[in-house]
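What follows is a single structure, written as structure tokens, with notes after it.
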Amino acid sequence: MNAIEIKNLTKSFGKAHVLKDINLSVKQGEVHGFIGPNGAGKSTTIRILLGILRKTSGDISLLGGDPWKDAVQLHKRLVYVPGDVTLWPDLSGGETIDLLGRLHGGLNVERKKQLLELFQLDPTKKSRTYSKGNRQKVALVSAFSCEADLYIFDEPTSGLDPLMEEIFQDCVSEVKKAGKTVLLSSHILSEVENLCDRVSIIRQGQIVETGTLDQLRHLTRSTINVETKKSATRLEELSGTHGISQNGFKYRFSIDSNALNDVMKVLLSAGINSMTVEPPSLEELFMRHYGEDIRKKEEN
Amino acid sequence: MNNKNFAGTGILFKLFLHRDRFLLPIWIFLPVVLILIVASTFSSMGGEGLENVLLDFDNDPLVSAILGPVMSFDLTGAIVWRGTSQIALTLGLGSLFTLIRHTRVDEETGRSELIRSYVTGTYASLTAALTLTIIGNLIAGILIAITIIFLGGSITSSLLYAITMVTIGCFFAGISGVAVQLRESSGSARGISITVLGLGILLSILNNTVGADSFLNWITPMAWQRLTQPFAGDNWIYLIYFIIICALPIIISYVLTARRDLGEGIFIPRSGPKEASPRFSSPLALAWRLKKKNFFGWIIATVLYIVVFAAFSPSLSKTEGMSGWLSNLGGTNWVEDMELGYVFISIGIYLMALFVGIYAITTVFRLKKEENEGRIEILLDKQVSRTKLMRSHLIVAYLFSATLLLVMGIAGGLAYGIASGDLGGNFGVIFSMSVSKIPPVWIFVGLSALLYGLFPRISEFSWVIWISCSILELTWEAKLIDWSLMSISPYAYAHYTIQITELPYLSLFLLIVISLLFTTIGLLGFKNRNIQTKA
């Protein structure tokens with residue numbers, strides 16, 4: 001059984017159709033990346049999963065239950081960290097962590113102490129004085145101190161420095177090792193690449209791509225930098241090469257993954273001095289999906 | 001003085017003015033409305049014989065204990081006598097909210113940081129906010145003067161009165177100017193400023209009970225019209241004193257601004273406990289914690305207020321010479337039925353109960369604030385149902401508002417009992433007067449819960465209802481409406497003209513039932529609606 005199963009989910013606020021058709025399945029025990037640009041519908045989807053917002057239509061199963069009707073029972077088994085944590089200005093960080101943990105149904109005090117050390121958070125400060133990063137830490141410490149089957153993170157590391165980002169990644173890896181399920185919404189793509197087994201890409205309220213990173217990489221292009229002994233102009237005649245730039249006998253271009261054989265034949269016949277191949281990155285995948293939107297906007 | 005410290009003041013002033021384009025007119029125009037209400041009330045009461053009506057009031061020990069002696073016996077005198085405290089309260093509150101909104105609130109939300117990264121000086125925000133507040137007061141003053149001149153006041157006296165009122169507003173602008181420097185939260189600044197305002201009102205009432213010619217005239221701005229005496233001698237010279245008193249806090253606020261960092265207060269923030277106490281583990285505990293400070297503020301204010309009222313009541317009410325207006329309120333002869341000593345205190349308790357209605361509404365709307373600021377999102381993902389969350393805040397609203405009235409009953413009963421020398425005979429009556437106001441106050445808890453749960457966008461309508469009830473009270477007292485209309489207000493069922501032995505228990509019980517019904521509907525609405533979240 002999947003931890004999260006969403007079919008044909010829609011959500012409208014009045015005339016604004018924020019979610020048009022969301023289909024998402026997160027398998028038990030996997031770390032699932034949920035990526036997309038601002039305003040694509042990531043947070044709305046997550047808030048529907050938490051029973052904070054009500055769906056307009058569609059089917060959702062969360063840990064086998066209905067996220068709206070069974071919210072309280074389901075919340076025993078999940079923790080959530082939002083991307084922009086707002087705290088009570090008059091409560092200290094320590095009080096907030098304890099309160100949130102107790103409202104979840106109890107937290108592991110030892111684990112909390114370790115996490116406070118790891119994240120270097122001073123729990124005696126009033127929440128009013130915390131920076132954005134420190135507010136995120138309060139939510140993260142509280143979440144990782146709790147026992148849960150499902151961890152939902154909505155851009156959890158916004159405002160964290162790279163050191164803390166790494167500690168977050170360690171915590172997620174540990175959780176994964178323990179066989180728990182994680183849904184990680186993010187637009188820090190390196191974070192997703194490091195952690196996620198599978199990725200779903202959302203665009204304008206629709207899931208446009210789902211798969212393992214390898215599967216997704218297959219959809220995109222590698223970049224080749226090559227220096228040849230003689231001219232390799234025939235590259236341009238191949239159908240799978242794109243954006244060739246030339247400087248003497250140095251070439252830089254991207255290729256579709258199925259064109260690799262043909263390209264190599266041409267290069268070999270021209271004689272290779274040096275060559276590097278950059279694997280397709282999530283960034284490029286991202287740009288491939290959204291670059292179009294940006295271009296359209298520029299034209300308008 | 002260095003010019004660069006004031007860079008950007010003009011632009012900020014325009015920004016603040018734009019942000020306040022709807023709020024500012026409210027407190028600027030309200031004094032005019034108040035003057036017109038007072039004028040129409042007295043015109044309807046006195047007509048040709050207004051002088052006699054005022055003489056009657058002036059001889060009434062009870063009325064003059066609350067409002068002090070009348071200074072001139074015509075319509076303008078009536079306006080000064082009856083309207084000053086409301087005008088001072090309006091301008092005081094308007095000034096302090098406006099100033100805090102554009103200084104500490106901006107710092108708290110981080111807007112000031114953005115502003116200060118542009119070409120703006122240390123004093124720019126404070127100066128722009130002070131300018132806006134003072135200009136607001138000046139316009140209010142001009143409107144006050146025009147209104148009174150229109151009603152037949154002399155130009156010079158009307159101006160003097162208006163300027164006196166303007167200085168009161170400016171004084172509280174200065175006070176809140178200092179208050180915002182002290183701590184890093186706007187709530188604390190508001191608390192300090194409102195405390196000073198409340199103290200001013202309390203001292204002015206105290207001043208009135210001793211005949212309004214004590215040194216308190218100098219201390220509390222709420223009694224400044226007793227110094228300048230517009231329409232009754234016109235002592236312009238005191239304005240110099242007022243201006244000095246207004247300038248002092250303003251100067252202090254500039255000195256303090258220069259000495260602190262942006263976003264910080266003069267006092268270093270206290271650190272909190274490393275761990276939460278074991279009992280801090282439910283939405284109810286959180287709701288209690290969030291409202292605790294404010295609640296204790298109300299308790300202190302209520303106790304101070306009622307003790308002053310109760311201590312003077314027994315001696316005042318027993319004296320002869322009650323005015324016809326008071327003993328014949330709204331066409332009743334309630335004073336004949338009520339034991340004379342209770343007349344004064346029953347009005348005092350009633351007035352405070354009206355204000356506890358405000359407390360009830362704000363306490364329910366604290367949940368709305370939590371929702372708007374995105375803090376209930378991290379509660380609803382826990383084992384906290386919507387019903388449980390809202391219920392926690394409502395329990396606190398019900399309990400705290402009732403506790404305020406209980407405490408007022410106990411403190412008032414004790415003070416009155418001791419002052420009258422008959423604690424056993426009086427305590428129960430005073431206590432019941434206060435406690436009988438619980439059902440009408442609870443109506444406002446229920447109403448606010450209903451609106452917030454079902455229609456969060458128009459939940460502010462609760463305030464309209466509260467204001468309507470206050471206006472009903474005023475118009476009924478002025479005999480403009482009769483009791484059948486007055487009884488729309490829930491407060492009518494525990495009205496100060498009703499004797500304790502004749503309280504309509506069934507109606508009061510029904511008020512509680514209605515309140516609980518409203519609450520239930522509100523809870524159901526909240527359970528089934530979307531939560532407002534940040535994008």
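The values are calculated or read from the model by the stated rules, or taken from the named source; none is laboratory data. These numbers were taken from a predicted model, which means no experiment stands behind them. We place every Cβ from the backbone using ideal geometry, glycine too, and count neighbours over all the protein chains shown.
Look through region B:1-54, keep the residues that are among the aromatic types (Phe, Trp, Tyr) and under 22 Å from the mean Cα position of the chain (by Cα), and return whichever of them is surrounded by the most Cβ atoms within 10 Å (Cβ to Cβ).
Selected residue: B:27.
I'm trying to understand the selection: among the residues of region A:115-142, which are part of a loop (DSSP other than H, G, I, E, B) and more than 9 Å from chain B (Cβ to nearest Cβ)?
A:120, A:121, A:130, A:131
Looking at region A:228-246, can you tell me whether even one residue there is modelled with pLDDT of 85 or more, part of a helix (DSSP H, G or I) and on the phi < 0 side of the Ramachandran plot?
no
Hey, could you check region A:73-91 for residues that are touching an Asp or Glu at 6+ places or on another chain (Cβ under 7 Å) and part of a loop (DSSP other than H, G, I, E, B) and say which is nearest to the other protein chains (Cβ to nearest Cβ)?
Selected residue: A:86.
Determine whether residue B:28 is in contact (Cβ under 8 Å) with a residue 12 or more places away in the chain, over 30 Å from residue B:107 (Cα atoms) and assigned to a helix (DSSP H, G or I).
no
Do the conditions hold for residue A:277, that is, is it β-branched (Val, Ile, Thr), under 36 Å from the mean Cα position of the chain (by Cα) and either at pLDDT 80 or above or surrounded by fewer than 12 Cβ atoms within 10 Å (Cβ to Cβ) (or both)?
Yes; evaluated as a whole, the condition is true for this residue.
Considering only residues that are over 25 Å from the mean Cα position of the chain (by Cα) and either closer than 19 Å to residue B:39 by Cβ or buried (at least 20 other Cβ atoms within 10 Å of the Cβ) (or both), which ones fall in region B:61-75?
Listed by number, the residues that qualify are B:71, B:72, B:73, B:74, B:75.
Looking only at region A:36-57, count how many residues are surrounded by fewer than 17 Cβ atoms within 10 Å (Cβ to Cβ) and either in contact with a helix residue (DSSP H, G or I) (Cβ under 9 Å, 6 or more places away or on another chain) or at the interface with another protein chain (Cβ under 10 Å from one of its Cβ atoms) (or both).
4
Restricting attention to region A:1-25, which residues are among the aliphatic types (A, V, I, L, M) and under 23 Å from residue A:63 (Cβ atoms)?
Result: A:1, A:3, A:4, A:6, A:9, A:19, A:22, A:24.
Please indicate, with yes or no, whether at least one residue in region B:254-272 is more than 22 Å from residue B:105 (Cβ to Cβ) and touching a strand residue (DSSP E or B) at 6+ places or on another chain (Cβ under 6 Å). Working first, answer last.
Keep residues of region B:254-272 that are more than 22 Å from residue B:105 (Cβ to Cβ), which gives B:271-272.
Add one more test, that the residue is touching a strand residue (DSSP E or B) at 6+ places or on another chain (Cβ under 6 Å), and what stays is B:272.
Yes: region B:254-272 contains one or more residues that are more than 22 Å from residue B:105 (Cβ to Cβ) and touching a strand residue (DSSP E or B) at 6+ places or on another chain (Cβ under 6 Å).
Identify the residue in region A:123-146 that is touching a strand residue (DSSP E or B) at 6+ places or on another chain (Cβ under 9 Å) and more than 20 Å from residue A:175 (Cα to Cα) and, among all such residues, is surrounded by the most Cβ atoms within 10 Å (Cβ to Cβ).
Residue satisfying both the conditions and the ranking: A:123.
Inside region B:374-390, can you point out the residues that are in contact (Cβ under 8 Å) with a residue 40 or more places away in the chain, among the aliphatic types (A, V, I, L, M), assigned to a helix (DSSP H, G or I) and more than 12 Å from residue B:527 (Cα to Cα)?
The answer is B:379, and nothing else.
Which condition from (1) modelled with pLDDT of 90 or more; (2) farther than 30 Å from residue A:49 by Cα is the one that residue B:522 breaks?
(2)
Which condition number in (1) among the aliphatic types (A, V, I, L, M); (2) farther than 27 Å from residue B:139 by Cα; (3) in contact with a Leu (Cβ under 9 Å, 6 or more places away or on another chain) is the one that residue B:53 fails?
Evaluating residue B:53 over (1) among the aliphatic types (A, V, I, L, M); (2) farther than 27 Å from residue B:139 by Cα; (3) in contact with a Leu (Cβ under 9 Å, 6 or more places away or on another chain) leaves (3) as the failure.
Which residues, taken from region A:92-114, are farther than 20 Å from residue B:271 by Cα and either facing chain B (nearest Cβ under 7 Å) or buried (at least 20 other Cβ atoms within 10 Å of the Cβ) (or both)?
Answer for region A:92-114, where residues must be farther than 20 Å from residue B:271 by Cα and either facing chain B (nearest Cβ under 7 Å) or buried (at least 20 other Cβ atoms within 10 Å of the Cβ) (or both): A:101, A:102, A:103, A:104, A:105, A:107.
How many residues does region B:218-244 hold that are within 21 Å of the chain's Cα centre (by Cα) and buried (at least 19 other Cβ atoms within 10 Å of the Cβ)?
Looking only at that region, the number is 6.
Restrict the check to region A:181-195 and report whether at least one residue is at pLDDT 95 or above and either touching a Ser or Thr at 6+ places or on another chain (Cβ under 8 Å) or farther than 24 Å from residue A:38 by Cβ (or both).
yes
Just the residues that are in a strand (DSSP E or B) and surrounded by fewer than 21 Cβ atoms within 10 Å (Cβ to Cβ), please, taken from region A:208-225.
Within region A:208-225, A:208, A:209, A:210, A:211, A:212, A:222, A:223, A:225 qualify.
For region B:369-391, does any single residue satisfy the condition of being within 14 Å of another protein chain (Cβ to nearest Cβ), at positive phi and surrounded by fewer than 24 Cβ atoms within 10 Å (Cβ to Cβ)?
Checked against the condition, which is being within 14 Å of another protein chain (Cβ to nearest Cβ), at positive phi and surrounded by fewer than 24 Cβ atoms within 10 Å (Cβ to Cβ), region B:369-391 yields at least one hit.
Looking at region A:18-30, can you tell me whether even one residue there is among the hydrophobic types (A, V, I, L, M, F, W, C), facing chain B (nearest Cβ under 9 Å) and touching a residue at least 60 places away in the same chain (Cβ under 8 Å)?
Checking region A:18-30: not a single residue is among the hydrophobic types (A, V, I, L, M, F, W, C), facing chain B (nearest Cβ under 9 Å) and touching a residue at least 60 places away in the same chain (Cβ under 8 Å).
Does residue B:290 fit the bill of being touching a residue at least 12 places away in the same chain (Cβ under 8 Å) and more than 9 Å from chain A (Cβ to nearest Cβ)?
no
What is the one condition in (1) closer than 19 Å to residue B:351 by Cα; (2) touching a residue at least 40 places away in the same chain (Cβ under 8 Å); (3) aromatic (Phe, Trp, Tyr) that residue B:431 does not satisfy?
(2)
What's the number of the condition residue A:70 fails, among (1) facing chain B (nearest Cβ under 7 Å); (2) without any contact (Cβ under 8 Å) to a residue 24 or more places away in the chain?
Residue A:70 satisfies every listed condition except (1).
Of the residues that make up region A:158-167, is at least one farther than 30 Å from residue A:189 by Cβ and either at pLDDT 95 or above or more than 8 Å from chain B (Cβ to nearest Cβ) (or both)? Lay out the reasoning, then the answer.
Looking only at region A:158-167, we keep the residues that are farther than 30 Å from residue A:189 by Cβ, and these are none.
No: region A:158-167 contains no residue that is farther than 30 Å from residue A:189 by Cβ and either at pLDDT 95 or above or more than 8 Å from chain B (Cβ to nearest Cβ) (or both).
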